[in-house]
Amino acid sequence: MTTFSAPRTALAAVALHGVRRTYGAGASAVRAVDDVSVEFPRGTWTAVMGPSGSGKSTLLHCAAGLERVDAGRVLLGDTDLTTASDDQLTQLRRSRIGFVFQSFNLVGSLTAQQNVALPLRLAGSSPSRSEVRAVLAAVGMADRARHRPRELSGGQQQRVAIARAMVTRPEVLFADEPTGALDSGSARTVLALMRSMVEAGQTIVMVTHDPAAAASADATVFLRDGRVVDRLIGATTRDVADRLVALEG
Amino acid sequence: MLRLSWSSFVERWALFVGALVTVCFGVALVQSSLLVLISAATYQLPADLSVLERARYGEGTAIAITLSALTLAFSAFLAVFIVSSTFAFTVAQRRRDLALLRLVGGSRRQLHRLLVGEAVLLGGLGAALGIPVGLVVMRFQSGLLTMLGFAPPGFAAEWRNWILGVSAGVGIGVALAGVLVAASRAARVQPLEALRDTGESARVMTVGRWVIAGVFAAGAIALVVLAPIGGAGGAPPMAINAALCASVAMSAISPVLVPVVSRLLPSGAGVITGLAGANLRDGVRRSAATAAPLIVLVGLVLGQSVALASFASAGELDQRASTVADLVVEADGPVGPRVAAVAGVAAHSTEVEVPVTVTFTYDDDVDVEGGSGLVVDPVAYARFHPGTDAVAGLGGNAVVAGPGRGAGTPGSSGELRIGDTAAGPLHVVAEVPSRTGGGADLLLPGALVPADLLAQAPSRTFVELLPGADPATVAGALAGIGEVSTLDAWASRDAAARNATSISIFLVVMGLGAAYAVIGVINAGVIGAAARRTEFAVLRSTGLTRMQVVRAALVESLAVTGIGLLLGVGAAAGTFVAVAMSTAAMIGIPTITVPWAFVIAVGVGAVAICGVTSVITTVAGTRGNPVSLLAARE
């Protein structure tokens, strides 16, 4: 078993123990995640990197409870996601987990502020306009609150998506290639925003292809063939890029 | 949730307009048929009508009631079927949106509530639009009934205030019935599906579809097996309903059948055809949703038209076989003595047709039967209609059950009325064999009918010539009495006249139903294309010209139409078998008559409608710069 743990704090925000996830069966079976144990400490930002097909996204989906694991345990704080029912997972997505994706995934028919308010409304509360505006202001989007997604640039849509993820004050924010569809200027804005969130105590787990994005994180976990093969802490863009080239070679 | 329903409704209006149109026309048809039915059932004939007119319109009103009831049942069936298939399709097209809601914390119950909320919204709006449209349809239906002679001039269906509640209930009811299964299914969507861009991640062929297919296929088989023992009255509806059941079964398993049949598309016929074939198989849900209303349209129209034409042919053959005569004279009143006086006539049988009503009284029940009576001379009748020796029992107030069998069986007694005139008691003493094409319900002795009524009533006189007499000469001499025809010419004219009612019924019921099914076909085309803008943009950015994209979509649409037509014919095949078996049981010869001109018109019409819909929607869907559309998506 490959175990690369950060120095163990009181209780990790997310912890995976011996997690396996296989797609297909028989000769065509692919082990996307192969016996991985890793912990993501509270208040830190961890990047997950690796060559294409290394199992990064599957690892993120398993950690967030979006995908069932074949073996092992996934803990969000002290909650075991592997045994949670669909209703319990829904509750967790409303209150303790936030998501940001490469393709933004905003609801096209709703304005920015309606998108941000959506998770709270689904949870049964009716957020005040000022509450929602405050979250949008935190990502620099207060003046675009009444715009629909198609009226916003990619970077602006991603900031709204981050605001939507943060409005429930989740314990962990899972981000899958959050800068993947953005130009470098917008990417820098989004990364700076995420850094300020971590400074305020937020835990972030982020899958990325971009060494510059990974270098913004506190730590980088490297995957190959579904296994954790390395971990860098406080690395520069060059360190991350060199390590990635070595892995792909 | 209601606000989310409303905003997604506003955003994806193109998708919802299709569903709205189906609800609107469903409500309009059901409302109109219901109002016409009630108006016909409560209609008081004008007081100034003569006895015979009164009887004729009385009979017509009975047909109008049956007809409206049939249209009502058929509209309700189509409304539920087409609205369900449209709603299921619109829900499936939004699978990714729904998964996204799950991703941000939406529960299954909330998704279910969202979709049901939309259905209530659409049902309510559809009903609001359908109520005024229904008034137009009602005027049309009333006019049609008058035009076809089932209702007297001046008949108009009446508005009733309570229909507002019924129509609103129908709109919301069919929308809910249509969405419930789709909503339960969509609520099970996994949040991860929001991250996949495939769109078609769900299995299309579900257990529910297999169950529906199984139940309706079993129903179709049962009807095919039972039709031959149903007799002249039971066989036609059973044969026609076999196609109805089979087409629902075929629609349910179309996700399995469409890809199989699509493999028949010529491979290696060029990149456009190859692309169309691949799209056809990949977009199974879209292909199946387009084929479903086509299957029902073709199955029903073909099944019903072939059944009616075949039973009419069988009736004509039967009529021809059960009558022996050289000439037929059609005139008014008992013209027998005048025919007998013509040189060259060896024998004749004059049969005068009068409208009759018989009131049978049983221990605790009164049964009133209406129909047609034929005043005959028993000896002459038996001579011209072999096998009807039982007619010899006629005389006094003893009557015989006729080949149409509509009023009484041997042993029953009742009170006879000819038109509005009481004609005293009668006893049914015997029966002649029944005939496929129908005919008189009662055979009556001349003494039972007042002479003045008899003189006005239409008659036909079968004539046998003396050996060596020249038919043309005798016909010329008979022409002064009435219209003279050969037996063959009369038999086919008589069959056509009997069939005219069935054809009118077919036109009213099927015409409206077919128009509704056509709306369903267009809808599926529009909804399918609405979600394909990105796919079209990808094709254009790959190097296809706009025309090539339009052509590929057209080839795909024509292939789906072909498959729909083929499966529709397959559904109608159940009716063909039932008709062949039933006619064989009735007249000894399996009879299938296909009204080719009509069938070809339906096929060409379906291809044209689907083709035009495809071209228009693809041209609309490829407007704008493909690269900017793809970039905007990122």
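The values are calculated or read from the model by the stated rules, or taken from the named source; none is laboratory data. Predicted model only: the values in this text are computed from it and were never measured. Every residue, glycine among them, receives a Cβ derived from its backbone with ideal geometry; neighbour counts consider all protein chains shown. All accessible areas refer to the heavy atoms of the entire protein, side chains included, with ligands and DNA or RNA removed. Shrake-Rupley method; radii C 1.70, N 1.55, O 1.52, S 1.80 Å.
Taking every protein chain into account, the 1.4 Å probe leaves B:VAL607 with about 60 Å² of accessible area, to the nearest ten. Ordering B:LEU512, B:CYS24, A:PHE174 by Cα displacement along the dipole of the protein assembly as shown toward the positive end leaves A:PHE174 in first place; charges were set at the Cβ atoms of Lys, Arg (+1) and Asp, Glu (-1).
What is the sum of charges, Lys and Arg at +1 and Asp and Glu at -1, for the other residues whose Cβ falls under 14 Å from the Cβ of A:SER125? Result for the local shell: +3.
Peptides B:122-132, B:418-428, A:74-84 ordered by packing proxy, namely the average of other Cβ atoms within 10 Å per residue, highest first: B:122-132, B:418-428, A:74-84. Each of A:VAL107, A:GLN88, A:VAL132 was scored by the projection of its Cα onto the charge dipole of the stretch A:24-134, and the greatest displacement toward the positive side belongs to A:VAL132; charges sit on the C-beta of Lys, Arg, Asp and Glu.
Note on A:145-154: average number of Cβ atoms from other chains within 10 Å of each residue's Cβ is 1. Taking a ≥ b ≥ c as the square roots of the Cα gyration tensor eigenvalues, with a/c under 1.5 meaning rounded and otherwise prolate when a/b beats b/c, else oblate, which class fits the stretch B:297-424? Taking the square roots of the gyration eigenvalues as a ≥ b ≥ c, the stretch B:297-424 is oblate. Remark: accessible area buried at the A-B interface is about 2200 Å², both chains counted, probe radius 1.4 Å.
With the charge dipole of the stretch B:356-513 set up from +1 on Lys and Arg Cβ and -1 on Asp and Glu Cβ about the Cα centre, the Cα lying farthest toward the positive end among the listed residues B:THR501, B:PRO410, B:ALA491 is that of B:ALA491. Test of understanding: given chain A, find the longest segment containing no trypsin sites (Lys or Arg not before Pro) that are in a DSSP loop and have at most 12 other Cβ atoms within 10 Å. Between the exposed loop sites, the longest stretch runs A:9-145.
In the context of the full set of protein chains, residues of chain B present 41 Å² of accessible surface per residue (probe radius 1.4 Å, heavy atoms only). Counted over the stretch B:336-481, the DSSP beta bridges are approximately 80% antiparallel. Of the complete DSSP H runs in chain B, those spanning 20 angstrom or more by Cα along the long axis with a mean Kyte-Doolittle score not below 1.6 are B:13-41, B:163-187, B:207-226, B:596-621. For the stretch B:336-481, a simple Cβ point-charge model (Lys and Arg +1, Asp and Glu -1, everything else neutral) yields a dipole of about 600 debye relative to the Cα centre.
Think of it as helices only: each DSSP H run of n ≥ 4 in chain B is worth -39500 (n - 2.57), and spread over all residues that comes to -22500 deg cm²/dmol at 222 nm.
FRET efficiency for the A:ARG224 to A:ARG73 pair, using the beta carbon distance and R₀ = 30 Å, is estimated at 0.85.
Given a 1.4 angstrom probe, I'd like the percentage of the accessible area of chain B that is carbon and sulfur, rounded to a whole number. So the carbon and sulfur contribution to the accessible surface is 65 percent. Rounded to the nearest 0.05, what FRET efficiency is calculated for B:ASN625 and B:GLU483 with R0 set to 45 Å and r the Cβ-Cβ distance? With a Förster radius of 45 Å, E is 0.05.
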